[in-house]
Amino acid sequence: MIIFTRHARNRMRRDKVNEADVDDCVGSPEFERAQGGGKVEAWNGYREGFLKVVYRLREVNTLVITVTVKRKRPNWAQS
């Protein structure tokens, strides 16, 4: 089960990203890396750029912290 913070919902509404796209990015990302504090950064190709989702896995659910549409792939990702 995925739970969205208010911040994530506002970003999704602003950038017109739906829950299915976020679920796909969390479930099968093209690029992924761990961040501090148990957070994970996931990236997928999206429209003409990339979708970046930062989330935290919890025992019962997944908490999506933020959703951002980017133009370029992350520098740390391999080509």
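The values are calculated or read from the model by the stated rules, or taken from the named source; none is laboratory data. What you see is a predicted model, and the numbers here were worked out from it, not measured in a lab. Methodologically, a virtual Cβ is constructed for each residue, glycine included, from the backbone with ideal geometry; neighbour enumeration extends over all protein chains shown. Calculation scope for accessible area: heavy atoms of the full protein, side chains included, ligands and nucleic acids excluded. Shrake-Rupley method; radii C 1.70, N 1.55, O 1.52, S 1.80 Å.
Observations
- Each eigenvalue of the Cα gyration tensor of the chain, multiplied by 5 and square-rooted, gives one semi-axis; in descending order these are 18, 16, 10 Å.
- For residue 16, the lysines whose Cα comes closer than 21 Å to its Cα, not counting residues fewer than 8 places off in the same chain, are 52, 70, 72.
- For the chain, the solvent-accessible area works out to 67 Å² per residue, with a probe of 1.4 Å and every protein chain left in place.
- Debye, to nearest 20: dipole size of the chain, +1 on Lys, Arg Cβ, -1 on Asp, Glu Cβ: 480
- Linear extension gain, residue 75 paired with residue 18, 0.36 nm per residue minus alpha-carbon span: 18.0 nm
- The accessible surface of the chain, taken with every protein chain in place and a 1.4 Å probe, is 45 percent carbon and sulfur.
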